[in-house]
Amino acid sequence: MGKIIIGLIIGLLIGGVATFYFFVGVPRSANTPGRIIQAPDSETPAGSARIVLRQEFFNDVLMTIFRDMNAPAFPLGSNAISATPASCDSRITIVKEGSGVQTTVRFEDNRISAPLAFNGSYNSPIGCFQFTGWAQTNLELRFDTEQQIVFGRINVQTVNLDGVNPIISGLVTPLVQTTLNERVNPIPVLSGKQMSVNLPIASTGSNLRADVKDVRAEFRDDALNLSVIYAFSGAAEQPPVSPTP
């Protein structure tokens, strides 16, 4: 009788996971503003500038976060159980290194990949489960014209858990994938203040403005080259606003 009950439980769990993927599909990242940045045209347009970002730039940012700040942490799934002990609060934390993998950014095959090491806990209805592992992700770049921001969007390709029972893995893996896709994104990479121009020219009594019209990207010489295409305009200089008495 005990074997029959265990078999039924396993069947329900496996069936539930299969149903999840059949009807919902592989969890995709949350909606990110803007459109995907394309490669440059054959000719560089007039009125453009180039920003060169190397792999080391992204990794220096990551190492600074792990060294000087709290490791990034997110509630696990959209229905994480609250009011639980701190040791089991349904949470995933990105760590510098673990499971034989270092969290880093790599430029490979004309794309940005980022293995992410993590640990966490899952407060399930049948108990608390601690887990470690890593996820293989790709970073997609998008530009939003209205906000004048270059965003990155993490797309999780695979999730690898360490030594977890297959039944528990079937429960936790889609939660980890969905959590990383939905809660990490979008990632601001460059803002309008870093790219746009608003320069007063005293002799004309006006400001020279350059708003970003488009951004293109390509990999060259082991670096990510962003071509920023500007729309130039002139506007009357605004007088300083007097403080309200």
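The values are calculated or read from the model by the stated rules, or taken from the named source; none is laboratory data. These numbers were taken from a predicted model, which means no experiment stands behind them. Every residue, glycine as well, gets a Cβ built from its backbone with ideal geometry; the counts of neighbours run over all protein chains shown. These area figures cover heavy atoms from the full protein model, side chains too; ligands, DNA and RNA do not enter into them. Shrake-Rupley method; radii C 1.70, N 1.55, O 1.52, S 1.80 Å.
Laid out as a table, the results:
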| item | result |
| --- | --- |
| Rh by Kirkwood over Cα pairs, then Stokes-Einstein D for the stretch 138-245 at 0.890 mPa s and 25 °C, µm²/s | 137 |
| R0 of 25 Å, Cβ-Cβ distance ARG209-THR44: FRET efficiency to nearest 0.05 | 0.70 |
| Rg ratio (alpha-carbon, reference 2.2 N^0.38 Å) - the stretch 123-168 | 1.81 |
| Accessible area of the stretch 122-245 divided out per residue, in Å², using a probe of 1.4 angstrom | 53 |
| Accessible carbon and sulfur surface of the stretch 45-180 relative to its total accessible area, %, 1.4 Å | 51 |
| Per residue convex hull volume, Cα atoms of the stretch 159-208, in Å³ | 73 |
| Rough spin-label spacing in nm, given labels placed 7 Å along Cα→Cβ, for VAL52 and ASN110 | 2.1 |
| Cβ-Cβ FRET estimate between ASP162 and ILE187, R0 fixed at 25 Å, reported to 0.05 | 0.45 |
| Peptides 101-111, 137-147 ordered by average Cβ neighbours within 10 Å, highest first | 137-147, 101-111 |
